[in-house]
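The values are calculated or read from the model by the stated rules, or taken from the named source; none is laboratory data. Model, not experiment: these values are computed from the prediction. Here Cβ is always computed from backbone atoms with ideal geometry, including for glycine, and neighbour counts include all displayed protein chains. In case anyone asks, the SASA skips ligands and DNA or RNA and just uses the protein heavy atoms, side chains included. Shrake-Rupley method; radii C 1.70, N 1.55, O 1.52, S 1.80 Å.
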Amino acid sequence: MNLDFNPEQLRQALYRTADLVVDLYRDLDERPVFAGHTPAEVSALFDEPVPEAGLDFAELLDTVARDVVGNATLHISPRFLAYVSSTGTHAGIAAEMLVAALNQNCSKWHAAPSAIEMELRVIRWLAEFIGYPEDTGGVLVSGGSMANLTCLAVARKARAPFDIANAGAGGGPRLTVYASTETHAFLEKSMDLMGLGKDQARKIRVGDDFRVDVEAMREQIAADRSAGYFPICIVGNGGTVNTGAVDPLDALADLAAEQDLWFHVDAAYGGPAAGTELAGHLFKGLERADSVALDPHKWLFAPFEVGCALVRDRNLLRDTYSLLPAYLRTDVDKTERTNMIEYNWQLTRAFNALKVWMNFKLYGADMLRAAIEDNIRLMRRLGELIEAADDFELLAPIPLSAVCFRYLGTQPERRTDERYLAALNERLLEASEADGRYFITATHLGDRTVMRACCVNHRTDVKDIEGLLPVLRELGGVVK
Ligand SMILES: Cc1ncc(COP(=O)(O)O)c(C=O)c1O
């Protein structure tokens, strides 16, 4: 039973879909970033049994436009400044359509020759873009969390003093990993999944600039060795999720070398800034890492999902993931063919390289760097506006494009009341989400609840940034 359209029907279906996309982008600026409906309201739109009979395509697309597009949070909006969430590009839209049309399975080389050779080239380009050795091993994965886990599993296998792949984590001493308190939650989740245990993730204090205290890390490593633990890895941050702090990577690389530990850098957010003039100097030492997690679906503007794990020694990446059962050993003797299944955990894999490759080819590395630098400048401008305002307070330096701040309210006598300020800022964020003109989120710095705006968005311009505080002030006057 062939489910296909005929060629003319296919053309019509794609044109209609293209029209929907063009309409969406044409008036992006006027659309609310968040639709503001409740879970019950959105769930009701999809509340039906499995449809036994199909719909006409035009009718189906109208339903998608109304229910899906109408309730989508517009990460693509110039005023989306939350999390570390990219906008995607128009090249990415075209790429995703082609990916589905070609339906390549990037598992073994003969299942996707052009896609896999492109992926290998994209990995080299990503390395080159951030100043990492180009002859690195690597693999594209679903995102930053998976890129970090992919690298940490290599570190675990390479540095455990026993055969951990076969014996499991109980086959030797307890293995410990070191990172700052500002490190993303992928670390605890990975430690848990790898069987090493969240408690063995040693969180080291940071200074006022939110960068890790390297001496404190050295002391913790020594204390752990004396207590019978076996340290295996240091994780440095190439842009923390909260404030964009870049750890002193060179000093961490020295410490890793001195202590004979694996050095991993989580550059999921900040990595692409390493290639810019404006922020590149912060990343000195990145090139010495044994592995790096990068995320093209953040600051390289690729649509979700695509992350990248770089592992300097490709043989170690392969040692960790290569396991070829008989049904997959059909062309193993052709050594010039790279079978991606040997370099990562997945078997079937989407053709994620195309959207990254098309971004590089269409815009060029220069333009991508310029867009990143633009984001940094815009957010430093926001920092200046906050510092100049007497009803907002800037709470962290802005090395990259994340700004942590808070609203101080209209009652000067309450500006030292931390509990009042935390509640006020939480209410203001709720009001701002419902308002829909901007989308920003909260985080915690120490025990302070703060607002956080982060720009990895090539559509944001200066008017969007200059409009943020007036909108928050207007809403803040109402929530009090
Ligand atoms: C520094 C950092 N590391 C890791 C991640 C996880 O990446 P992903 O959301 O792609 O899994 C994030 C996400 O924001 C991040 O900012």
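Below, the figures for the structure above:
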{"quantity": "Shape call, the chain: gyration tensor on alpha carbons, a/c limit 1.5", "calculated": "oblate"}
{"quantity": "Cα-based Lys proximity count in the chain, under 16 Å, for pairs eight or more positions apart or on separate chains", "calculated": "4"}
{"quantity": "log₁₀ of I(q)/I(0) at q = 0.17 Å⁻¹ - region 279-375, Debye sum with one point per alpha carbon", "calculated": "-0.97"}
{"quantity": "Linear extension gain, Asp390 paired with Glu277, 0.36 nm per residue minus alpha-carbon span", "calculated": "37.4 nm"}
{"quantity": "Förster radius 25 Å - calculated FRET efficiency between Arg473 and Val69 (Cβ-Cβ, nearest 0.05)", "calculated": "0.20"}
{"quantity": "Listed residues Ala158, Gly138, Gly172: farthest to the positive end of the dipole of region 130-195 (Cβ charges)", "calculated": "Gly172"}
{"quantity": "Approximate spin-label separation Leu347-Arg415, in nm, with each point projected 7 Å along Cα-to-Cβ", "calculated": "6.3 nm"}
{"quantity": "The chain - mean residue ellipticity at 222 nm from DSSP helices (-39,500 (n - 2.57) per run, n ≥ 4, rounded to 500)", "calculated": "-13500 deg cm²/dmol"}
{"quantity": "Sparsely packed trypsin sites (Lys or Arg not before Pro) within region 262-349, loop by DSSP, other Cβ within 10 Å at most 16", "calculated": "Lys284, Arg329, Lys334, Arg337"}
{"quantity": "Residues Arg427 and Asp62, FRET efficiency given R0 of 56 Å [Cβ-Cβ distance, rounded to 0.05]", "calculated": "0.90"}
{"quantity": "Probe 1.4 Å, all protein chains present, accessible-area order of Met146, Met1, Met118, largest first", "calculated": "Met1, Met146, Met118"}
{"quantity": "Accessible solvent surface per residue of the chain, calculated while the other protein chains remain in place, 1.4 angstrom probe, Å²", "calculated": "46 Å²"}
{"quantity": "Residues listed by number, region 99-135, amide nitrogen under 16 Å from Arg337 label point at 7 Å toward C-beta", "calculated": "105-118"}
{"quantity": "Candidates per chymotrypsin sites (Phe, Trp or Tyr not before Pro) in region 24-123, loop by DSSP, up to 14 other Cβ within 10 Å", "calculated": "Phe46"}
{"quantity": "Kirkwood estimate for region 14-77, i.e. one over the average of 1/r between Cα atoms, Å", "calculated": "13.3 Å"}
{"quantity": "Within the chain, percent of DSSP bridges classed antiparallel, to nearest 5", "calculated": "60 percent"}
{"quantity": "Equivalent ellipsoid semi-axes, region 358-480, via Cα gyration tensor eigenvalues times 5, rooted, Å", "calculated": "30, 14, 12"}
